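Working notes, structure below.
Read the figures in this text as sums done on the coordinates, not as results from a lab. The structure presented is a predicted model; accordingly, all values stated were derived computationally and were not measured. Cβ sites come from the backbone with ideal geometry, for glycine too, and all protein chains shown count toward neighbours.
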Amino acid sequence: MESNTLYFRELCAAVQPSVFVPPSKGFWKSNIQNSRGGSQKSEFAQAKTSGPSLPTYDYPSHFPPPKSKVPPPVNRMPVEILGDIFTQFLQMGDFVTEPYAFSLSVSPDWVASPMVLGQVCGYWRSIALSMPSLWCSISVSSPVRGVVPRIQTWLERAGQHPLKLFVEQSIRPDAAEEAVTDEIFALLLQHYHHWEHITFKVYGRMIESLANIQDTPAPLLTSALLDLWWNEAVVDRIWSVLHSSPKLSHINWNDVYSHVRDLPTHIPWNQLEDVALSHYFDINGFCTFLEQCPRLERLQVSWLDRLGLPPGPCAPILLTHLRHLSICARTSLDPVFSRLVAPALTSMSLNYDLPMKEYRGASEFGDLLRRSSCTLKFFKIYDPEGVDFLNFLRHSHRQLNSLEDLHVRSTIPHELIAALTLNSTNKFQLLPRLKKLKLAGCSSPEGIAKMISSRLPAHIKHPEMEALTSAWVEINGDVLPSELDAFRRVKRGGVRIELCCIGD
């Protein structure tokens, strides 16, 4: 409670209106004397000529009220601002697995609640109860007996406001937890028409109420993630109901469709903006999938594991809004890179599970960036079998000039470290705007400290270059004392450098 109070004080300080400044000791006495004809010049008169720093009052009818009756500054601000402060307070309760804060969170991560606001004073309680947006988010992990009445209270106070719901069972729930979960879903389904964001992870027996969900669209539903360890036909029926929702655009199917040959026809392809799924695509099937989703902004997919039949005419696949692309592949991605056009692309993650000698599509990757004229800010590549990442850089170095965050997990040779090291002239360098760097799989520590040091502010001479702010390095081998000293000198360089060296 004490930490919450301190947090409120910090929030209120930014919006606190001007506070009454009490007059000095002789103020009232001198004013009284002056009003009775005394010759002494009042402090009020002096203040009036020197500036408007003190309030003015006419004696005796306009004396300030007693201090006990003056409302505190936080209660004199507009209700809308106080409501914004309450909303910010609830952000302290952000659940670690979700991008949303939850006002009711039955988990150890819960640190903020609108109930706390109501315990401060009656005025705050009345405002909190009048704001449905403070009660519309509910997170329940490992449900226990007694949580259902609290959920009921939250739902009543949320009124008609759209709901954000997170329910997760234990991996091996007992009979009591399964019974409580059944009660929770029976209650939540009564408010089905107010669902906006849902994440349901149920690992025990099938929940009858959810399995028999009414076959009508959820008019407000925007995002859905289901992880249900049930019969695939039952889960597919639930998804078919959710897919009929007119606003549904963010979907995480998990692995429910991982082993089916074809994705179901009830998927609202034209609505999708954010998709995560596990499905064994061949290249042709994946390209068809992309063509069906013109509004995609984020895509996370695994696995692409077959080249498929020879493709027909390879028309470009234009995804105007695609910003983030993450692919796990067991085959070369060059047929995808050679067709895709993504001008808004800023983030890409590639996870290869390929034999060492199989082609990765480095030149096609560079062609994709050039053809799209995109500005890539984040790039992550994972290839434990040893992709030649330096080849990726050489084929696309101009298109990667804006890259700020690079993660590489592979076999990293000394040549790559040398290529990333800035020289004294700064005329031509790889990744000139790099700020964050993670390298896992370095064969030796040779040159790494020098490379990091060359990217510190003291060595950046060109105005269009950026200094490195953090580095994480995993080294496969021993690190000599002299090399450790070099890393320590880098960390003492006066910038925030996070360095982790891991030897065998």
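Within the range 78-271, what percent of beta bridges assigned by DSSP are antiparallel, to the nearest 5?
Beta bridges within the range 78-271, antiparallel portion: roughly 5 percent.
Report the residues of the range 385-415 in range of a label on SER373: point 7 Å along Cα→C-beta, backbone N strictly under 20 Å from it.
Backbone N within reach: 396-403.
Bin all alpha-carbon pair distances of the range 78-271 at 10 Å intervals from 0 and give each bin's fraction as a whole percent.
For the range 78-271, the binned pair fractions read 9, 35, 35, 17, 5, 1 percent.
Rounded to the nearest 20 debye, what is the charge dipole size of the range 136-229 about its Cα centre when +1 sits on each Lys and Arg Cβ and -1 on each Asp and Glu Cβ?
Dipole size: approximately 240 debye.
Between ASP84 and HIS193, what is the label-point separation in nm under the 7 Å Cα-to-beta-carbon projection?
Modelled inter-label distance: 3.3 nm.
State to the nearest 20 debye the size of the charge dipole of the range 78-271 about its Cα centre, where the only charges are +1 on K and R beta carbons and -1 on D and E beta carbons.
In total the dipole reaches around 300 debye.
Pull out the extension gain between HIS259 and GLU446, defined as 0.36 nm times the separation in residues minus the alpha carbon to alpha carbon distance; nm, one decimal.
The HIS259-GLU446 span can extend by a further 62.8 nm.
Holding the Cα-Cα limit at 22 Å, pick out from LYS377/LYS491; LYS380/LYS435; LYS435/LYS491; LYS380/LYS491 the pairs that are longer than that.
LYS377/LYS491; LYS380/LYS491
Report the local net charge at CYS293: Lys and Arg +1, Asp and Glu -1, summed over other residues whose C-beta lies under 15 Å from its C-beta. Don't skip to the answer; put the middle values down first.
Numbers: positive: ARG295, ARG298, ARG323, ARG339; negative: GLU273, ASP274, GLU291, GLU297.
Spelling it out: positives minus negatives among the neighbours equals 0.
What FRET efficiency do you get for LYS380 and GLU156 if R0 is 35 Å and r is their Cβ-Cβ distance, rounded to the nearest 0.05?
0.20
By the scheme Lys and Arg +1, Asp and Glu -1, what is the net charge of all other residues having a beta-carbon under 14 Å from that of PRO132?
Around PRO132, the charge tally is 0.
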